[in-house]
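Engineer: Before I ask anything, let me first share the structure, which is written out below as structure tokens.
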Amino acid sequence: MDSNSLAMPISDPNAWATAMNNLGMSPMSMTGQPIMSDFDPSLGMMTGIAPMNPMMPGLGIVPPPVSQDMPIVKEIIHCKSCTLFPPNPNLPPPATRERPPGCKTVFVGGLPENATEQLIVEVFEQCGSIIAIRKSKKNFCHIRFAEEHTVDKALFLSGYRIRLGSSTDKKDTGRLHVDFAQARDDLYEWECRQRMLAREERHRRRIEEDRLRPPSPPPIVHFSEHECSQLGEKLKDDSKFAEAVRVLLTWVERGEVNRRNANNIYSMIQSSNSHIRRLMNEKAAHEKEMEEAKEKFKNALAGILVQFEQIVSVFHAASKQKAWDHFSKAQRKNLDMWRKQAEEIRNIHNEELMGIRREEEMEMSDDDMEDQTERSRPLAQVEALKEENDSLRCQLDAYRNEVELLKQEQGKAQPQRSEEDATRQQQLSFLQQALQGMQKVQENNFLLCCYFLQEKESLPEKGPPSPVKSEREALLVGIISTFLHVHPFGASIEYICSYLQRLDTKISTTEVETLLGRLPCTFKQELTGVGASLEKRWKFCGFEGIKMA
């Protein structure tokens, strides 16, 4: 609102300053001098606090919510042709209908009878840009604004009493009632805007889906002589074999094979078959790595188990009376708890190690299996050579059939030699060389079969190996048998090793346990106790083994 359009006698400078401050304007006197020196012109627009009068340009859409302790104070508004007087602040706010979507049109009732369209523009144009005014012959009209937020500013004038000039005539006064109006144009524009937003959202989602979609595989090239020659080279390259064999499969499924390119397709299929040998070698290498990793894990687990045994031995030593009496009650409780936890973890790892050993024993339980494997190895080689001979015989028959067909076609050919005849002659010579090579391989395989059969007949019979491999192990067996004979309820492996280490400090727990495990007829292992007190004990069962024998 232009400050020059205000005309009000300044009887009270403070009231005038308050009114202009509410309008968001710098309080100025009629002579142009500022009334309040500490006025902040950015108040309400820069700090986010809107002024109380929303009719000024640049104000917020809706006046900010004010607490009940500070109600909104509406001031007198002066225009060129009229004056607007605020309603009684004690009255309830005027009732309004539900706001239609995209509302830009307001209903204005209670206009003076002498009100003109120019007067309506003068009062409501300060709220925002007006597009159209539809005035009725009665005391109401409809005003359509350019923006939606200006409707809220117009509703702020609802309840004001309007007076034209200084006239007190009834036709020149009225009480404004501003409310939302439902218009087809507003609804149409709102629906168009919603459809546009929906299109933008679909477009955004489509772009996001395209960005997250995995890349499509490259298309399969069409068959040609040039592509065929390049594909043959790719099939021989290990790094490009997977892509090349996919192209070959597509060509064969498409029906690209004919009499002209059958030899090229056959050679590519043969290259694919040769790739099987590389795959088998790769599999064997991975199996070897897996076996090495298993062996490494087993050795590491055995070392960890030895350290667990040492930790448990520390706890057992601390539990003896000569050390136990010096600990406090809380320390004894912690030591007992730690000992049980260490024993449980040790038992779990011991069971895991025993499980690995049982699996190895199931694969190859004793040396007799090795002997049988060595004896059956020549037989396996003989069987393999027989299978190879059978496959070579089948290939030999196929080559012979091809040679016969080529000879028949060559005999029926015309005297004049063409390029096709030259190609057939080359294929014939190649097949004859392949036949000679296969015959030599077949003869070598037959000689190898005879050699392996003779070696099998000359193999000497081997007796069962002894579980005790040295004199030192025999002495250990005797000492352990004497020790366990006086312990009828058995003894743990740590107890046995502690007795043996008095004789020789180099004796380890793993060595003793391995020796006892190789003599199941002399020593046996039993589990005693429940839960955390579970313990493995070794017993002497040599007398029972003699009776069973």
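Engineer: Limited to the range 504-519, what total is found for residues that are touching a Cys at 6+ places or on another chain (Cβ under 9 Å) and part of a loop (DSSP other than H, G, I, E, B)?
Structural biologist: The qualifying residues number 2.
Engineer: Could you check, for the range 275-288, whether at least one of its residues is surrounded by 11 or more Cβ atoms within 10 Å (Cβ to Cβ) and either among the aliphatic types (A, V, I, L, M) or over 34 Å from the mean Cα position of the chain (by Cα) (or both)?
Structural biologist: Checking the range 275-288: at least one residue is surrounded by 11 or more Cβ atoms within 10 Å (Cβ to Cβ) and either among the aliphatic types (A, V, I, L, M) or over 34 Å from the mean Cα position of the chain (by Cα) (or both).
Per-residue answers, yes or no, for (1) closer than 25 Å to V512 by Cα; (2) part of a helix (DSSP H, G or I); (3) touching a Phe, Trp or Tyr at 6+ places or on another chain (Cβ under 9 Å); (4) among the aliphatic types (A, V, I, L, M):
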site	(1), (2), (3), (4)
E289	no, yes, no, no
A293	no, yes, no, yes
K296	yes, yes, no, no
N299	yes, yes, no, no
L305	yes, yes, no, yes
Q310	yes, yes, no, no
F315	yes, yes, yes, no
F327	no, no, no, no
R332	no, yes, yes, no
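Engineer: Does the range 139-158 contain at least one residue that is over 60 Å from the mean Cα position of the chain (by Cα), within 19 Å of E75 (Cα to Cα) and of a type in the set (D, E, K, R)?
Structural biologist: no
Engineer: In the list V121, V73, V108, which residue meets the criterion of being under 30 Å from C192 (Cα atoms) and touching a residue at least 40 places away in the same chain (Cβ under 8 Å)?
Structural biologist: Only one candidate passes the filter, namely V108.
Engineer: Taking strands (runs of 3 or more DSSP E) that do not extend beyond the range 84-199, which have at least 3 residues that are open to solvent by 40 Å² or more (accessible area, probe 1.4 Å)?
Structural biologist: Qualifying strands (runs of 3 or more DSSP E): 130-135.
Engineer: Output the qualifying pairs, or none if there are none: Cβ atoms under 7 angstrom, residues six or more apart or on different chains, first residue in the range 214-226 and within 24 Å of N264 (Cα to Cα), second residue surrounded by 10 or more Cβ atoms within 10 Å (Cβ to Cβ) and among the acidic types (D, E).
Structural biologist: V221/E227; F223/E256
Engineer: Does any residue of the range 130-141 turn out to be among the small types (G, A, S) and either in contact (Cβ under 8 Å) with a residue 60 or more places away in the chain or within 17 Å of L84 (Cα to Cα) (or both)?
Structural biologist: Looking for residues that are among the small types (G, A, S) and either in contact (Cβ under 8 Å) with a residue 60 or more places away in the chain or within 17 Å of L84 (Cα to Cα) (or both), one finds none in the range 130-141, hence no.
Engineer: Go through (1) in contact with a Phe, Trp or Tyr (Cβ under 8 Å, 6 or more places away or on another chain); (2) touching a residue at least 12 places away in the same chain (Cβ under 8 Å) one by one and return the number of the condition K236 breaks.
Structural biologist: Only one criterion is unmet by K236, namely (1).
The values are calculated or read from the model by the stated rules, or taken from the named source; none is laboratory data. This is a predicted model, so every value here is computed, not measured. As a convention, Cβ positions derive from the backbone with ideal geometry for all residues, glycine included, and neighbour counts pool all protein chains shown. Keep in mind that these areas ignore ligands, DNA and RNA; they rest on the heavy atoms of the full protein, side chains included. Shrake-Rupley method; radii C 1.70, N 1.55, O 1.52, S 1.80 Å.
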